[in-house]
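Input: a single structure, listed below in structure tokens.
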Amino acid sequence: MTDERPTTDGLSEEILRRAEFLDIRSDDRDRLHGLIPLYEADVQRFVERFYDHLFEFEETRRFLTDPQLVERLKRSQSDHLRTMLEAQWTEVYLQKRRQVGQAHANIGIDPQWFLGAYNQYVQYYFRRLAESAEPQSRPPIEALLSVLKVVFLDIGLTLDAYFAQSSHKLRQALDMLWKANVELKHFAQLASHDLKTPLATVANLCDEALDEFGEAMPAGARSLVEAAKNRTFRMSQMIDELLSSNLASLEEQTNGSIPCEGAWNEAIHRLQPVLDAQRVRVTAPAALPVVWGNRARLQEVFYNLLSNAAKFVAPGTGRIELTVKEHPEGLLLRIADNGPGIPQEALERVFQPFQRLARHRDVPGSGLGLYFTRMMVDQQQGRIWAESEEGQGSQFYLLLRRPESKGD
């Protein structure tokens, strides 16, 4: 057995590098050439059997509805099998293999079905070698190995096109996403302006009506105008929240190591006037951990949860407590209050947009805060859920990742 590498005359440098890695030598080419007579003896029978196999599966049958196309593919299949045995690994061979992969990728045949064809090739050549062996003798193992080597070489070359196609589609998708985000951002800003302008007009008209005719109005009419003005303000606030969430999700946010203490203190500072007015007591550990996420989003998560709790605790006796403990998946933060609690059947619903408990209809709010909170926690690859019993307060749990686990 010779140990020579294939000669380089006329061969593709790319294929030579791959052939060397697959340990394809000159004697492999000789053995492959020796299989050509076996191939010629019944290649047509194999090709017919091969396409009968493809017609058994919907995933491949749907690409074979044109009889003329099928006949062309059968001829190409015969040529493909022969070129593998001829082992003439020139630039032309390289380009043809990649064209085959490109064609399969373009029409949408998934790699698993494409690779199944090579399984058929291997079975075909192995059977032919076994059938051609002398009685009472084993099929020549070296010839079998040579077939495997060339099949793996062919697979690698053809899959190059699949990888190139996937990369191209990914770049296209990212480009489309970026353009869509820019357009959506502009649309959101314009829609917000167009929606808020008439709302401001309605609010001003309500104020004018109250200023000019308030004293002459019946108490009921004055109450209705006040209610209309307040609802207008609430609608304007909801539009601001929707726009803020939309723009935050569109803008690129960098995740990294975030000290919880800074985000928590900033959220407390923003909410301090409400906490003072309601005389709500907030407690937290002296030292808070560092987590993986985005500082602005984490601050907004804390603010929404604190604001939500402050709405429902009783003035003067309300308590909100932050606790932290280790968890197998990261760090578990618990924000608990002594408010009225949430019914068991509504615990998941509170995270849905515009979902509010019937008893809270008169409490100011848009019904979007917890929905946005879950969205921002998801963006940081964390989890949030609620636990509660009516009359026993509520607990919101944040499971956030440790900085060292961000690449897991």
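The values are calculated or read from the model by the stated rules, or taken from the named source; none is laboratory data. Worth saying up front: this structure is predicted, and the values here are computed from it rather than measured. Cβ: placed from backbone, ideal geometry, glycine included. Neighbour counts: every protein chain shown. Note: accessible area is taken over every heavy atom of the protein model, side chains too, but ligands, DNA and RNA are not part of it. Shrake-Rupley method; radii C 1.70, N 1.55, O 1.52, S 1.80 Å.
Every listed requirement among (1) among the aliphatic types (A, V, I, L, M); (2) touching a helix residue (DSSP H, G or I) at 6+ places or on another chain (Cβ under 6 Å); (3) surrounded by 15 or more Cβ atoms within 10 Å (Cβ to Cβ) is met by ALA117 save one, (2). Report yes if some residue within the stretch 122-130 is in contact with a Phe, Trp or Tyr (Cβ under 9 Å, 6 or more places away or on another chain), of a type in the set (Ser, Thr, Tyr), touching a residue at least 24 places away in the same chain (Cβ under 8 Å) and surrounded by 12 or more Cβ atoms within 10 Å (Cβ to Cβ); otherwise report no. Yes: one or more hits. The set of residues in the stretch 328-363 that are under 21 Å from ARG281 (Cα atoms) and modelled with pLDDT under 80 contains only VAL363.
Residues that are at pLDDT 60 or above, outside any helix (DSSP H, G or I) and not β-branched (Val, Ile, Thr) within the stretch 241-272 comprise ASN255, GLY256, SER257, PRO259, listed in sequence order.
Here is a yes/no grid of residues against (1) among the β-branched types (Val, Ile, Thr); (2) within 24 Å of VAL350 (Cα to Cα):
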{"position": "GLN272", "(1), (2)": "no, no"}
{"position": "TRP292", "(1), (2)": "no, no"}
{"position": "LEU305", "(1), (2)": "no, yes"}
{"position": "ALA309", "(1), (2)": "no, yes"}
{"position": "PRO315", "(1), (2)": "no, yes"}
{"position": "ILE320", "(1), (2)": "yes, yes"}
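Look at (1) surrounded by fewer than 11 Cβ atoms within 10 Å (Cβ to Cβ); (2) of a type in the set (D, E, K, R); (3) at pLDDT below 85 and you find that GLU59 fails only one, number (1).
Output the residue which, of all residues in the stretch 309-318 that are open to solvent by 40 Å² or more (accessible area, probe 1.4 Å) and closer than 13 Å to GLY393 by Cβ, is nearest to the chain's Cα centre (by Cα). That would be PHE312. In the set (1) modelled with pLDDT under 75; (2) assigned to a helix (DSSP H, G or I), the condition left unmet by SER137 is number (2). The single condition from (1) within 39 Å of the chain's Cα centre (by Cα); (2) farther than 19 Å from LEU64 by Cβ; (3) crowded, with 17+ Cβ neighbours inside 10 Å that HIS104 fails is (2).
Residues in the stretch 62-85 that are open to solvent by 80 Å² or more (accessible area, probe 1.4 Å), more than 19 Å from PRO37 (Cα to Cα) and not polar (S, T, N, Q): 4 in all.
Condition check ((1) of a type in the set (Lys, Arg); (2) surrounded by fewer than 16 Cβ atoms within 10 Å (Cβ to Cβ); (3) not in a strand (DSSP E or B)) across all residues:
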{"residue": "VAL274", "(1), (2), (3)": "no, yes, yes"}
{"residue": "LEU288", "(1), (2), (3)": "no, no, yes"}
{"residue": "ARG297", "(1), (2), (3)": "yes, no, yes"}
{"residue": "ILE320", "(1), (2), (3)": "no, no, no"}
{"residue": "VAL324", "(1), (2), (3)": "no, no, no"}
{"residue": "GLY339", "(1), (2), (3)": "no, no, yes"}
